[in-house]
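> The following block contains the structure, expressed as structure tokens.
The values are calculated or read from the model by the stated rules, or taken from the named source; none is laboratory data. Note that the structure is a prediction, hence the values are computed from the model and not measured. Note that each Cβ is placed from the backbone with ideal geometry, even for glycine, and that neighbours are counted across all protein chains shown.
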Amino acid sequence: MSTMVSAPAGWEMVVGLEVHVQLRTRTKAFCNCSTEYGAAPNVNTCPVCLALPGALPVLNAHAVELATRAALALGCTVNPMSVFARKNYFYPDLPKGYQISQFDKPLAEHGRLKIGTNAEGTGITVGITRVHMEEDAGKSVHDRYAGATAIDLNRAGVPLIEIVSEPDMRSAEAAGAYLRTLKLILQYVGISDCDMEKGSLRVDANVSARRAGEVKLGTKTEVKNLNSFSNVERALALEFARQTELLERGGRVEQQTMLFDQARGVVRPSRTKEGSHDYRYFPEPDLPPLVLDAGFIERMQTSLPELPEARRSRFAGDYALGEYDVDVLTSSAELADYFEGVARQSGDAKAAANWTINGVLTALNASGDDIDAFRVRPADLAALITLVRDGVVGHSAAKQVFAEMVRTGDRPEQVAQREGLVRVDDDAALRGWIDEVLAEHPAEAQRYLAGEKKLQGVLVGFVMKKSKGSADAKKVNQLLASRAQG
Ligand SMILES: [Zn+2]
């Protein structure tokens, strides 16, 4: 997938993104049907989302809360009054013949998203034009019946927000960074699972090209059918190369919708003339204007959790962690919470970071589990760190204790006792293992006792293995050395 697409020099890419995000509500935007993903076709429907005559929409208050929280987390101003509008178009999976959306009076406007730093070390901030609420359409299913299209209306009426950015991005990588940052914020706030595979986060990209130094925007195209962030980056690079080659030859970019064809690695014009849509928007007569009082907006603001950027700088400051550790540990709110629990209860942030990254994440990657289902809770991992610090369990034995904790969910003291992994520094026990090792390896023993000192490390290794890592390595070294001198 690392196809390098090169565009002619002297051109600048201009990108703006439209992101649709399904809100994590139990029921749909305007009726009581379930939003459950993956149910049998058309079971989650009712007269409202089937658009039967006379059925009236009722706005889902939880959807308004989630949309407002998302808008505030993106630094938007929430409008005290916004208006639902009908966006009219014909499509088989849109039974009403229109989608309830918002048009000239959206829920929120004028936000911003910081996506990192440019080569000069200045922060890059992308403007958020607007966040508005709307409903999802149903799904056309093309692979169920040969030669026919089936319609599944379970998704019709699922609440969405659309987040529209300013054309502030200048590269495919910046677009990728914007999307990853946006997704992380929305996940921290808990408004959506943002799962692109289930379609709960969808991206359309507007891209144009202009001569370097030019202020006026070129003609843009809209690229659709983007099912992963890496495909967004790939499709933008392809479309930018196509546009600039066309412009270099003296051609003109036509404003149109392009589809990314992942299998063939090309961007091609969509067969439908989507660019020429006239949606004939008008206010939705069945819904009153959405009026949000200052108290509600204030409550939504104070209900926001600590956002990723704030958490990153606090982790770097409070726990004195390096950039890599901070990036990994803040990659999800759940992981950050887990690490903080371990750090607080063990009083050792560095050890907590190491164990969370090298132990917990490795185990989760191997099992494919979610951290919420992880057997080793922060208090148990903190207890293990304390056992190591107090010298009760050695470093290599601690890894085995941890593996057993992951398997059984038992407390570290229990595991260490049961598995014989409590550090042994008792001379008699250590001498016993040394005697056994020397007897089992007579050739090495003879050479070592005759003065071949470099064999000491090998023999200590045998003792550690025999003791399953529980022997006090320092003492084993001392006892062996005294044996050689004696
Ligand atoms: Zn319904």
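> Which one of Thr45, Thr25, Thr35 is in contact with a helix residue (DSSP H, G or I) (Cβ under 8 Å, 6 or more places away or on another chain), β-branched (Val, Ile, Thr) and at pLDDT 95 or above?
Testing whether each residue is in contact with a helix residue (DSSP H, G or I) (Cβ under 8 Å, 6 or more places away or on another chain), β-branched (Val, Ile, Thr) and at pLDDT 95 or above leaves just Thr25.
> Which residue, of Ala29, Ala39, is touching a Gly at 6+ places or on another chain (Cβ under 7 Å), aliphatic (A, V, I, L, M), within 13 Å of the ligand (Cβ to nearest atom) and in a loop (DSSP other than H, G, I, E, B)?
Ala29
> Residue under question is Ser367, and the condition is that it be polar (S, T, N, Q), assigned by TED's automatic domain parsing to the domain that holds Glu323 and under 21 Å from Lys466 (Cβ atoms); does it hold?
No.
> Also, I was wondering about something else. Return the pair list, or none, for Cβ contacts closer than 6 Å from residues in the stretch 13-31 that are over 14 Å from Cys49 (Cβ atoms) to residues that are within 13 Å of the ligand (Cβ to nearest atom) and in a strand (DSSP E or B), at least 6 apart or on different chains.
Within 6 Å, the pairs are Leu23/Pro159.
> Quick one: in the stretch 6-26, of everything that is crowded, with 16+ Cβ neighbours inside 10 Å and either of a type in the set (D, E, K, R) or farther than 30 Å from Phe229 by Cα (or both), which residue is farthest from the ligand (Cβ to nearest atom)?
Of everything passing the filter in the stretch 6-26, Glu12 is farthest from the ligand (Cβ to nearest atom).
> Now for a different question. Inspect the stretch 152-167 for any residue being assigned by TED's automatic domain parsing to the domain that holds Leu113, of a type outside the set (A, V, I, L, M, F, W, C) and out of contact with any Ser or Thr (no Cβ under 9 Å at 6 or more places or on another chain) and give the result as yes or no.
No, every residue in the stretch 152-167 fails to be assigned by TED's automatic domain parsing to the domain that holds Leu113, of a type outside the set (A, V, I, L, M, F, W, C) and out of contact with any Ser or Thr (no Cβ under 9 Å at 6 or more places or on another chain).
> Of the conditions (1) outside any strand (DSSP E or B); (2) in contact (Cβ under 8 Å) with a residue 24 or more places away in the chain; (3) farther than 19 Å from Gly199 by Cβ, Ala67 fails just one. Which one is it?
(3)
> Taking the residues in the stretch 174-194 that are under 27 Å from Arg24 (Cβ atoms) and small (Gly, Ala, Ser) as candidates, determine which candidate is farthest from the ligand (Cβ to nearest atom).
Here the residue is Ala177.
> Are any of the residues in the stretch 138-152 within 16 Å of the ligand (Cβ to nearest atom), of a type outside the set (Gly, Ala, Ser) and crowded, with 22+ Cβ neighbours inside 10 Å?
Within the stretch 138-152, none of the residues are within 16 Å of the ligand (Cβ to nearest atom), of a type outside the set (Gly, Ala, Ser) and crowded, with 22+ Cβ neighbours inside 10 Å.
> Out of the residues in the stretch 192-234 that are among the aliphatic types (A, V, I, L, M) and buried (at least 20 other Cβ atoms within 10 Å of the Cβ), state the one that is farthest from Tyr37 (Cα to Cα).
Looking at residues that are among the aliphatic types (A, V, I, L, M) and buried (at least 20 other Cβ atoms within 10 Å of the Cβ), I get Ala209.
> Being within 15 Å of Pro106 (Cα to Cα) and β-branched (Val, Ile, Thr) is the filter; apply it to the stretch 153-173 and report the residue that is farthest from the ligand (Cβ to nearest atom).
Among those that are within 15 Å of Pro106 (Cα to Cα) and β-branched (Val, Ile, Thr), it is Val164.
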